[in-house]
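Below is one structure, written out as structure tokens; comments come after it.
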Amino acid sequence: MQQKDWTKKFGGMKILWMIPGLTVLFFMDDFLMVILVEKLQIFKVSGYFYDILLAWLFIVSAVLAYAVFYTMRRKPTTGALGMIGEKGKILSKRGGYWQVDVRGEIWRCESGELLKAGDHVFVEGVEGIILKVLKAGKQQALK
């Protein structure tokens with residue numbers, strides 16, 4: 001069974017849910033500042049201070065929005081999805097499984113190809129704790 005990449009399947013859905021949420025969040029901070037400054041008169045402002053404050057809030061909101069979207073677009077680095085696409089090296093065969101070194105860790109792996117110790121492979125899927133691998137030369141052919 002091939003490991004499903006849920007980030008590709010539902011990536012668009014995350015964006016659709018986040019846009020209204022972020023919009024509300026970013027406009028609410030401006031709205032609250034208007035209430036604090038104008039209606040409740042917590043701050044006494046004069047001149048351009050109010051405009052500078054709103055511009056500062058807009059800039060902070062834009063930086064936070066960029067950080068959120070950048071984080072969402074990054075490849076997963078942990079768990080099963082973080083292993084897909086990683087490169088490794090075949091070490092030896094033990095008990096019907098090959099052992100492969102991926103990111104400094106030794107994993108069990110299976111492949112539909114003939115492997116030997118020293119082969120360079122890449123991870124194409126994860127099934128439980130067993131990696132599904134292909135030889136490194138096959139990776140270019142699949143793209």
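Express in nm, to one decimal, how much length is gained between Ile19 and Thr77 on full extension, taking 0.36 nm for each residue of separation and deducting their alpha carbon distance. Provide the component values of the computation, followed by the final result.
Working: separation 58, 0.36 × 58 = 20.88 nm, distance 2.43 nm.
Additional length available on full extension: 18.5 nm.
Give a residue-ordered list of calculated ³J(HN,Hα) values for segment 102-118 (Karplus: 6.51 cos²θ - 1.76 cosθ + 1.60, θ = phi - 60°; whole Hz; x for Gly, Pro).
Values, residue by residue: 10, 6, x, 10, 9, 10, 7, 8, 10, 8, x, 10, 6, 10, 9, 4, x Hz.
Would you pull out the residues with amide H under 5 Å of Leu91's amide H, same chain only if 5 or more places away, H placed 1.01 Å from N?
The answer is Gln99, Val100, Asp101, Gly118.
Sort the following peptides by mean Cβ neighbour count (other Cβ atoms within 10 Å, averaged over residues), highest first: 106-115, 125-134. Present the calculation step by step, with values, prior to reporting the outcome.
Details: 106-115: 14.6, 125-134: 17.2.
Averaged packing, sorted descending, gives the order 125-134, 106-115.
Assuming a ≥ b ≥ c are the square roots of the Cα gyration tensor eigenvalues, decide whether segment 81-142 counts as rounded (a/c under 1.5), prolate (otherwise, with a/b larger than b/c) or oblate.
Taking the square roots of the gyration eigenvalues as a ≥ b ≥ c, segment 81-142 is rounded.
At 0.36 nm per residue, and after removing the present C-alpha to C-alpha distance, how many nm does the segment from Tyr97 to His120 gain when stretched out fully?
6.7 nm
Extending each Cα 7 Å along its Cβ direction at Ala62 and Lys135, get the distance between those two points in nm, one decimal.
Spacing of the two 7 Å Cα→Cβ label points: 5.2 nm.
A short reminder: the numbers here are calculations on the coordinates, not readings from a lab. None of these values were measured; they are calculated from a predicted model. A quick note on method: Cβ atoms are made from the backbone with ideal geometry, for glycine too, and the neighbour counts reach across all protein chains shown.
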